[in-house]
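Undergrad: So that we are looking at the same thing, I have put the structure below in structure tokens.
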Amino acid sequence: MIKQDFAKNLPAAVLAVIFCLICTAGLHAGESEKNHDFPEKRAKMIREQIRGRGIDDPEILAAFEKVERHRFVPERLRKYAYEDRALPIGKGQTISQPYIVALMTRAIEPENTDRVLEIGTGSGYQAAILAELCREVYTIEIVESLGQSARNILSELGCENVHVRIGDGYKGWPDQAPFDAIIVTCAPTEIPGPLKQQLAEGGRMVIPVGESYEQNLVLLEKKQGQLVEKQIIPVAFVPMVNDEGTTY
Ligand code: SAH
């Protein structure tokens, strides 16, 4: 008797569960895509965090307008995508604070003829910004799953001039060198020799250098074969590590 009732009510119960699942999925989709006012938040980020702190190059601002930062942030953190801070992207790594991405971008003075190397792809956000401003972007990520998901999102967004390699960026990308600019978004304790060599004459490299999470952002320019160094600001990047996870 009980069994029969259960069997009779089963289709209704299944339908109810399916209905609930559809409603929840709908809510989630709405939450992630609609309710966060991403374009307004992005405009505010550009106005307050980037222009407001003195970065007003129109091409750079246009790149920040075009690249949707929330697409590079894990779903559950998307509502914070345009806040004035770094955010976790998994595997103990972070997407840098928007202002730092802008500052490093401006430091290398990108030209639309430039071929640029990035070390530390992470989410792929910095690479997507560079893709708007430069001819080709070569980017290296040591954590395979991060490199793979950056590759996927960059190709979904149609960034065809970004080339993602999974490997140790300490060694650079010799077969594509020299580079007009190099951006390093993980911190070694000393500037890697191969990166110095792979910088073209007249090229610019921006790199955080120092101990764990306490570094100086340094700008280097190659002039007549010599590197001229300038300190920018103190920063806190994740360390540059080798395949065993040891800091360089
Ligand atoms: N540019 C990124 C932020 C990078 S966080 C963005 O826009 O989201 C720093 C990244 O450097 C991490 O993903 C870390 O895994 C990577 N990394 C650390 N050591 C590395 C190495 N030797 N070679 C390449 N990537 C490295």
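The values are calculated or read from the model by the stated rules, or taken from the named source; none is laboratory data. Because the structure is a prediction, the values reported are computed rather than measured. Note that we place each Cβ from the backbone using ideal geometry, even for glycine, and neighbour counts take in every protein chain shown.
Undergrad: What are the residues in region 210-248 that are of a type in the set (D, E, K, R), closer than 19 Å to Thr121 by Cα and either in a strand (DSSP E or B) or near the ligand (Cβ under 10 Å from one of its atoms) (or both), if any?
TA: Asp243
Undergrad: I'm trying to understand the selection: among the residues of region 114-164, which are more than 10 Å from the chain's Cα centre (by Cα), near the ligand (Cβ under 6 Å from one of its atoms) and on the phi > 0 side of the Ramachandran plot?
TA: None; the set is empty.
Undergrad: Which condition number in (1) closer than 26 Å to Ile46 by Cβ; (2) surrounded by fewer than 22 Cβ atoms within 10 Å (Cβ to Cβ) is the one that Ala131 fails?
TA: Failed condition: (2).
This table checks each residue for (1) within 19 Å of Leu217 (Cα to Cα); (2) of a type outside the set (Asp, Glu); (3) within 10 Å of the ligand (Cβ to nearest atom); (4) surrounded by fewer than 16 Cβ atoms within 10 Å (Cβ to Cβ).
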site	(1), (2), (3), (4)
Arg42	no, yes, no, no
Ala62	no, yes, no, yes
Arg71	no, yes, no, no
Glu75	no, no, no, yes
Tyr82	no, yes, no, no
Ile89	no, yes, yes, no
Leu103	yes, yes, no, no
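Undergrad: Can you find even one residue in region 7-14 that is closer than 27 Å to Gln148 by Cα, modelled with pLDDT under 95 and of a type in the set (Lys, Arg)?
TA: no
Yes/no matrix, rows are residues, columns are (1) free of Cβ contacts under 8 Å to residues at least 60 places away in the same chain; (2) more than 19 Å from the chain's Cα centre (by Cα); (3) within 23 Å of Arg53 (Cβ to Cβ):
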{"residue": "Glu214", "(1), (2), (3)": "yes, yes, yes"}
{"residue": "Val228", "(1), (2), (3)": "yes, yes, no"}
{"residue": "Asn242", "(1), (2), (3)": "no, yes, no"}
{"residue": "Thr247", "(1), (2), (3)": "yes, yes, no"}
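Undergrad: Which of the residues that make up region 107-123 are under 22 Å from Met240 (Cβ atoms) and either part of a helix (DSSP H, G or I) or among the hydroxyl-bearing types (Ser, Thr, Tyr) (or both)?
TA: Of everything in region 107-123, those that are under 22 Å from Met240 (Cβ atoms) and either part of a helix (DSSP H, G or I) or among the hydroxyl-bearing types (Ser, Thr, Tyr) (or both) turn out to be Ala107, Thr121, Ser123.
Undergrad: Hey, any hits in region 71-78 for a residue that's in a helix (DSSP H, G or I), within 20 Å of Val184 (Cα to Cα) and over 14 Å from the mean Cα position of the chain (by Cα)?
TA: There is no residue in region 71-78 that is in a helix (DSSP H, G or I), within 20 Å of Val184 (Cα to Cα) and over 14 Å from the mean Cα position of the chain (by Cα).
Undergrad: If Ala102 satisfies every condition in (1) over 15 Å from Thr185 (Cα atoms); (2) in contact (Cβ under 8 Å) with a residue 24 or more places away in the chain but one, which is the exception?
TA: (1)
Per-residue answers, yes or no, for (1) of a type outside the set (D, E, K, R); (2) touching a Leu at 6+ places or on another chain (Cβ under 9 Å); (3) without any contact (Cβ under 8 Å) to a residue 60 or more places away in the chain:
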{"position": "Pro39", "(1), (2), (3)": "yes, no, yes"}
{"position": "Ile46", "(1), (2), (3)": "yes, yes, yes"}
{"position": "Asp57", "(1), (2), (3)": "no, no, yes"}
{"position": "Glu65", "(1), (2), (3)": "no, no, yes"}
{"position": "Pro74", "(1), (2), (3)": "yes, yes, yes"}
{"position": "Arg78", "(1), (2), (3)": "no, no, yes"}
{"position": "Arg85", "(1), (2), (3)": "no, no, yes"}
{"position": "Ile89", "(1), (2), (3)": "yes, yes, yes"}
{"position": "Gly124", "(1), (2), (3)": "yes, yes, yes"}
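Undergrad: Of everything in region 173-193, what is exposed (fewer than 15 other Cβ atoms within 10 Å of the Cβ), free of Cβ contacts under 8 Å to residues at least 60 places away in the same chain and within 16 Å of the ligand (Cβ to nearest atom)? Give them in sequence order.
TA: Across region 173-193, the qualifying residues are Pro174, Thr189, Glu190, Gly193.
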